[in-house]
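Notes to accompany the following structure.
The values are calculated or read from the model by the stated rules, or taken from the named source; none is laboratory data. Worth saying up front: this structure is predicted, and the values here are computed from it rather than measured. We place every Cβ from the backbone using ideal geometry, glycine too, and count neighbours over all the protein chains shown. Note: areas computed on protein heavy atoms with side chains; ligands, DNA, RNA excluded. Shrake-Rupley method; radii C 1.70, N 1.55, O 1.52, S 1.80 Å.
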Amino acid sequence: MEVLVKGAGVAGLAAAHELAARGLRVTVADPWRGGGRAAASWYAGGMLAPYCERESAEQPVVELGLRAADWWEAALPGCVLRNGTLVLAPVRDAKELDRFASRTTGFERVGEESIATLEPDLGARFRKGLFFATEAHLDPRHVLVSLAAKLAASGVSFETDLSQYDSTRFDWIIECIGRSTPDKAIRGVRGEMLLLRTSDVSLSRPVRLIHPRFPVYIVPRGDHTFMVGATMIESDATGPITARSMMELLNAAYGLHPAFGEAEIIETGTGVRPAYPDNLPRVVREGRTIAINGLYRHGFLLAPAMAQQAADMILDERNRTP
Amino acid sequence: MLTLYNKQLSSRLLLGTAQYPSPSILLDAIKASGTQIVTVSLRRETAGGRSGDGFWSIIRSLDVHVLPNTAGCHTAKEAVLTAQMARDLFATDWIKLEVIGNHDTLQPDVFALVEAARVLSDEGFKVFPYTTDDLIVAERLLDAGCEVLMPWCAPIGSAQGPLNTHALRSLRGHFPDVPMIIDAGLGRPSHAATVMELGFEAILLNTAVAKAGDPVAMARAFAMASEAGHAACHAGMLEPRDVAVPSTPVIGRAVFT
Ligand SMILES: Cc1cc2nc3c(=O)[nH]c(=O)nc-3n(C[C@H](O)[C@H](O)[C@H](O)COP(=O)(O)OP(=O)(O)OC[C@H]3O[C@@H](n4cnc5c(N)ncnc54)[C@H](O)[C@@H]3O)c2cc1C
């Protein structure tokens, strides 16, 4: 059976991997092989944080996201770091930390000493926090590039010239094209981010800072780089980061540790998250086409579960037809 | 009936549209609150997106009046520009004018507010200024052409409820004919009831609903509280007394109260 996967962002690559692993012949079509700079996936933080996300997301995000870290680890051994997530609040916003705690599970409360043990560089800077020990993170760009390479090596073909393939020769089409979908129910939610480099601070895990307007986080990427994200703006504009957003992100980084003030800004970026009105993803089948979309803030967290659902649809149908 | 710039409204609650878990929950909260006016905040990058798409088309599809605001503006000039953009995007001359003077408390810069209110009123906008409870500022805003005032009862998002009822009462008493909407600082339905009992015409909410555990249920609770407060204000409330007084004379004792 031949399957065409349109789109090589995280949704498309996860689907391609799941289908290939179940023995189907897969072709991936995207002008960018590893989902390049046009893909929202390129700008993601890479947090696999189902419990923390519950603060603003609905319960299915937790349920569908719980096994994501295992799925990624099996797909690309060594890519997942299971160091948990640390959520911190400045002393002044301690009440907000209680609010966060009241809406989430899967954490323990930590005080100054435990914070210093987890992240020595943050010792004595914060008095209260929440530690979500079982959460994980990965480096999205490394994962996109390596997964595409692994798939190519195992026989999945990649088509970057979209005029080259004949979609009628496929038994199934899986459409994972994010914001480019003609589906009117999908909207864009703009997210801006930065990459900083400094060797004066080191962190072992994503740190979230309580912020009154949007959740700010810093994800260590290795090689002394840190991803700082991300704004949440109801817009599908892809233009460069605004000065205001940059100031807010930098302020948060500086508030976490003043050494970030001396960091180099090595990149700024903007991604547009595809979202349905309920901010939950969907796998929608129409004839022999299955669309996976609406991953919103949760592309890396929920793509594995969506890929499995799509693969189940195809295989169930094959098993039913004699 | 509440009249704001010649528009008649039966609901006494205005709802902000930011910070909900999802647009679906926002829509349910709007329905549950019975509101007829929603505020939307416009940022530059919002206007840069493909118009007619996404969140904005959801808002425009609702059967409610849209009151765009100039949230996040720090100067009169910026606020005027944002108001002009909002007029194009939402095809309305209503504008909720916010000029922020302090990034931390989001306290209005009342000087720039009055200046921007004058410019916008002259351009034909119907201005809803977000202001403090200061009497003189209120007077200047009315001079500048505003016909509605939106005083805070506590800083935005602080959920403190009315902090200075004396100032609120005096504001209410000085301008009995000006519709006033309490904007900012309400945390719970009892706060809403309290300010409505003081005689304010309506309340505006955002964080208290959007960030509630169940935003839809909270929207309903606030709608009921504001109705209750409004009804009580016009029903003549009993003033508190220092001692508990039995409502029927105690038998066997002469009563001289
Ligand atoms: C700043 C930011 C931070 C984020 N952080 C996280 C995080 O920490 N954790 C998390 O889980 N999620 C995070 N997300 C969310 C995540 O990035 C998105 O949910 C996810 O990238 C959506 O993936 P997608 O594959 O559906 O779309 P995309 O990544 O946008 O990929 C779509 C692909 O389709 C291709 N395409 C378009 N049209 C066609 C066509 N006609 N034919 C073929 N191909 C086509 C495009 O070239 C693109 O490569 C973040 C997002 C942003 C913006």
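With +1 on the Cβ of every Lys and Arg and -1 on the Cβ of every Asp and Glu, and nothing else charged, how large is the dipole of segment A:136-184 about its Cα centre, in debye rounded to the nearest 20?
Values: 5 positive and 7 negative charges, 39 e Å.
Dipole magnitude for segment A:136-184 comes out near 180 debye.
Ordering A:16, A:88, A:64 by the projection of their Cα atoms onto the charge dipole of segment A:11-90, which places +1 on the Cβ of Lys and Arg and -1 on the Cβ of Asp and Glu, puts A:16 at the extreme positive end. Working note: Karplus 6.51/-1.76/1.60 with θ = phi - 60° gives segment A:125-136 the couplings 8, 9, 9, 9, x, 10, 10, 9, 5, 8, 7, 9 Hz, where Gly and Pro are set to x.
Explain nothing, just the number: relative contact order of segment B:146-214, from Cα pairs under 8 Å at least 6 residues apart, as a whole percent.
37 percent
Near residue B:92: Cβ cut-off under 14 Å, other residues only, Lys/Arg at +1 and Asp/Glu at -1. The net charge is +2.
Give B:7/B:126; A:6/A:184; B:31/B:126; A:6/A:150; A:95/B:96 a once-over and call out the pairs whose C-alpha atoms are over 22 Å from each other. Can you show the working numbers first?
Numbers: B:7/B:126 11 Å; A:6/A:184 18 Å; B:31/B:126 26 Å; A:6/A:150 18 Å; A:95/B:96 29 Å.
Checking Cα-Cα distances, B:31/B:126; A:95/B:96 exceed 22 Å.
Dividing the convex hull volume of the alpha carbon atoms of segment A:206-322 by its residue count gives 149 Å³ per residue. I'd like the distance separating the alpha-carbon centroids of segment A:171-213 and segment A:143-167, in whole Å. Result: 23 Å between the Cα centres. In this assembly, the A-B interface accounts for approximately 1900 Å² of buried accessible surface in total, computed with a 1.4 Å probe and without ligands, DNA or RNA.
Give me the one-decimal Kirkwood hydrodynamic radius in Å for segment A:1-58, with the sum taken over alpha-carbon pairs. Before the final figure, lay out each step's value.
Details: mean 1/r = 0.0777 Å⁻¹.
Result for segment A:1-58 stands at 12.9 Å.
May I ask what percent, to the nearest 5, of DSSP beta bridges between residues of the protein assembly as shown are antiparallel? Intermediate values should be presented prior to the final figure.
Values: 45 of 85 bridges.
DSSP beta bridges in the protein assembly as shown are roughly 55 percent antiparallel.
The residue among A:79, A:162, A:137 whose Cα reaches farthest toward the positive pole of the charge dipole of segment A:71-217, with charges on the beta-carbon of Lys, Arg, Asp and Glu, is A:137. For segment A:9-119, the alpha-carbon radius of gyration amounts to 1.36 times the rule-of-thumb value 2.2 N^0.38 Å expected for a compact globular protein.
Quote the charge dipole size of segment A:195-297 about the Cα centre in Debye, to the nearest 20; the model charges only the Cβ of Lys and Arg (+1) and of Asp and Glu (-1). Could you put the intermediate results ahead of the total?
Working: 11 positive and 10 negative charges, 91 e Å.
Using only the charged Cβ atoms, the result is roughly 440 debye.
For residue B:138, the shell of other residues with beta-carbons less than 15 Å away shows a net charge of -4, using +1 for Lys and Arg and -1 for Asp and Glu. Stokes-Einstein, applied to the Kirkwood radius of segment A:261-322 over Cα pairs at a viscosity of 0.692 mPa s and 37 °C, places its translational diffusion at 233 µm² s⁻¹.
Per residue, segment A:1-113 exposes 42 Å² of solvent-accessible protein surface, assessed with a 1.4 angstrom probe and all protein chains in place. Across the accessible surface of chain B, with the other protein chains kept in place and a 1.4 Å probe, carbon and sulfur atoms take up 52 percent.
Hey, any idea what % of chain A's accessible area is carbon plus sulfur with a 1.4 Å probe? Working shown, then result.
Values: 6770 of 13450 Å².
That fraction is 50 percent.
Need one value for A:232-241: mean number of C-beta atoms belonging to other chains within 10 Å of its residues' C-beta atoms.
On the way: counts 2, 7, 14, 12, 7, 7, 3, 4, 1, 1.
Across the residues of A:232-241, the mean count of other-chain Cβ atoms within 10 Å is 6.
Using the Karplus relation 6.51 cos²θ - 1.76 cosθ + 1.60 with θ = phi - 60°, the per-residue 3J(HN,Hα) values for segment A:266-274 come to 9, 6, 10, x, 9, x, 10, 7, x Hz, with x marking Gly and Pro. For the residues A:216, A:91, A:156, a GNM of chain A with alpha-carbon springs under 10 Å puts the largest fluctuation on A:91.
Please compute the average number of Cβ atoms from other chains found within 10 Å of each residue's Cβ in peptide A:53-63.
On the way: counts 0, 0, 2, 6, 2, 4, 0, 0, 0, 0, 0.
Mean partner shielding for this stretch: 1.
Where does chain B land at 222 nm, in deg cm²/dmol rounded to the nearest 500, when only DSSP H runs of n ≥ 4 count, each adding -39500 (n - 2.57), divided by all residues? The partial results should precede the final answer.
Details: 10 runs with 103 residues, N = 257.
One gets -12000 deg cm²/dmol as the mean residue ellipticity at 222 nm.
Could you compute the longest span of chain A free of trypsin sites (Lys or Arg not before Pro) located in DSSP loops and having at most 11 other Cβ atoms within 10 Å, not counting the site residues? After excluding every exposed loop site, the longest remaining stretch is A:38-183.
So for segment A:171-261, considering every pair of alpha-carbon atoms, how many percent are separated by more than 22 Å? Present the calculation step by step, with values, prior to reporting the outcome.
Working: 1621 of 4095 pairs.
Tail fraction, whole percent: 40.
Please compute, for peptide B:23-29, the average count of beta-carbon atoms on other protein chains lying within 10 Å of each residue's beta-carbon. Spell out each step's value before the answer.
Working: counts 8, 6, 4, 1, 2, 0, 0.
Taking the mean over all residues of the peptide, I get 3.
Let me make sure I get this right: for segment A:70-115, a, b and c are the square roots of the gyration tensor eigenvalues over alpha carbons, sorted descending. Under 1.5 in a/c it's rounded, otherwise prolate if a/b > b/c, else oblate. Which is it?
Working: a/c = 3.43, a/b = 2.30, b/c = 1.49.
Prolate shape, in that a/c is at least 1.5 and a/b is the bigger ratio.
Give, to the nearest whole percent, the P(r) tail of chain A beyond 34 angstrom, counting all Cα pairs. The calculated P(r) of chain A puts 23 percent of pairs beyond 34 Å.
According to the Kirkwood relation over distinct C-alpha pairs, the hydrodynamic radius of the protein assembly as shown is 26.1 Å.
Counting only heavy atoms of the protein chains, get the accessible area per residue of segment B:54-135 (1.4 Å probe) and round it to a whole Å² value.
Working: 3310 Å² over 82 residues.
For segment B:54-135, the solvent-accessible area averages 40 Å² per residue.
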